[in-house]
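The values are calculated or read from the model by the stated rules, or taken from the named source; none is laboratory data. Remember, predicted model here, so these are calculated numbers, not experimental data. Note that we place each Cβ from the backbone using ideal geometry, even for glycine, and neighbour counts take in every protein chain shown. Note: areas computed on protein heavy atoms with side chains; ligands, DNA, RNA excluded. Shrake-Rupley method; radii C 1.70, N 1.55, O 1.52, S 1.80 Å.
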Amino acid sequence: MSFPTAPEAMTADWIADKLGQPKGALKGFSATAIGTGQMCDSFRLTLDWADGTGLPPTIVAKCPSHDEASRNIAALTATYVKEVSWYRELAAGSGVAAPHCYHADIADNDVDFILLLSDLAPARQGDQLAGLGLVGLAPCIDAAAGLHALLWNDARADALPWLNRDTSQLVRTLFPGLYEGFRERYAGRLDRDALDLGAGIVDRLDAYLTRTPAARTIVHGDLRIDNILFAPDGAHCWLVDWQTLGRGSGATDIAYLVGTSIADPAERAAADRVAFDSWIAALRARGVEPDEAELWDDYRVGALSGYFMAVFASMNVERTERGDEMFAVMAERPARQAIALGSLDLL
């Protein structure tokens, strides 16, 4: 490996080179940890240029997690490979609302990697615990439609092995045991209906993993507001944390977004169809002609995905106080959504 994977291993000349500048152009830099992600470590690099005219004063460096458990699951699921490959192969010129990538590299072990990204400050990260209502989610739904329209039923996606990696057998092996651990950990935090939903997923796990979506496209896979940066006025947003990319139904991303974001069950129930219809309209504006009826079934099944992610991720990454409550919320809100939509009945 011939590249740094943490700020303390970087040099000013290395950073300058990756930003297309000559040796000596960057006099020095400082690094400050940012974000709340548990799969990666992220830092804001403040750059001291010899002549800063037209050069970014700050960038973001994304690095492997310091936590061994997070690194291990990243290797098993190709988490870091997916994010690096997104920036290397698809992001530039895609039109998808995402940071600009200056440099992306990953080692053969699929764990050691580095991303240098544009700093979108003063954009702010969404707050998963606080949640967000339907009005605030409007730019996120539009940004998601931009991603989904990119490879909608497009055979070009077949040529991207990192996008088509099959982890279903790994999930079949791990999920039942992870659910038992999750149920024990959150028995005092979640109600019985929410806990029992996980048992229903375990019982129907094969059907869940093999279900054919109405339309296949590229999906974010973890589209929640912690993984979205919002402009100060809330009118625009950028999608980040591309570690769970895959192929599936875009409707699943939207159900996941709505289900994990809206805290009040009545407000969320009123928003489900409205959010779905807004997504359909955004797809049509981009030249896609979706099958609404079949995609609505995808949305209903997709309500399970937030709960599924909460179980799988919570038991595999570094445990923190905020993380425990975040994963509880990620299970609780989508559980109510899935129960209301009859999601298990479609499997």
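Taking 0.36 nm per residue of sequence separation and removing the Cα-Cα distance, the residue 289/residue 207 pair yields an extension gain of 26.8 nm. In a fully extended conformation the segment linking residue 51 and residue 158 would gain 34.0 nm over its present Cα-Cα distance, using 0.36 nm per residue. The share of alpha-carbon pairs in the stretch 1-74 lying farther apart than 15 Å comes to 56%. The GNM of the chain, with springs linking C-alpha atoms under 10 angstrom apart, assigns the highest mean-square fluctuation among 288, 135, 60 to 135. To the nearest 10, the accessible area of residue 184 is 150 Å² with a 1.4 Å probe.
The relative contact order of the stretch 66-149 comes to 26 percent, based on Cα pairs under 8 Å that sit 6 or more residues apart. The solvent-accessible area of residue 41, taken with every protein chain present and a 1.4 Å probe, is close to 30 Å².
Here's how it looks for residue 119: its modeled amide H is under 5 Å from those of 60, which are all 5 or more places away or on a different chain.
Under a Gaussian network description of the chain, with springs only between Cα atoms under 10 Å, the residue in 329, 311, 171 that fluctuates furthest is 171. Taking only C-alpha pairs under 8 Å that are 6+ residues apart, what is the relative contact order of the stretch 108-251 in percent? Worked out over the stretch 108-251, it gives 41 percent. Within the chain, the whole DSSP H helices whose Cα atoms reach 18 Å or more along their own axis and whose mean Kyte-Doolittle score is at least -1.0 are 134-150, 168-185, 265-285, 321-341.
Please calculate how many Å² of accessible area the stretch 81-170 carries per residue, with a 1.4 Å probe and no DNA, RNA or ligand atoms counted.
43
With Cα atoms defining each centre, the stretch 319-333 and the stretch 134-208 are spaced 16 Å apart in the structure. Please list, in order, the residues from the stretch 132-174 whose amide nitrogen is less than 13 Å from a point placed 7 Å along the Cα→Cβ vector of residue 281. Within reach of a label on residue 281: 135, 138-139, 141-142. Here the chain exposes an accessible surface that is 50 percent carbon and sulfur, computed with a 1.4 Å probe and the other protein chains kept in place.
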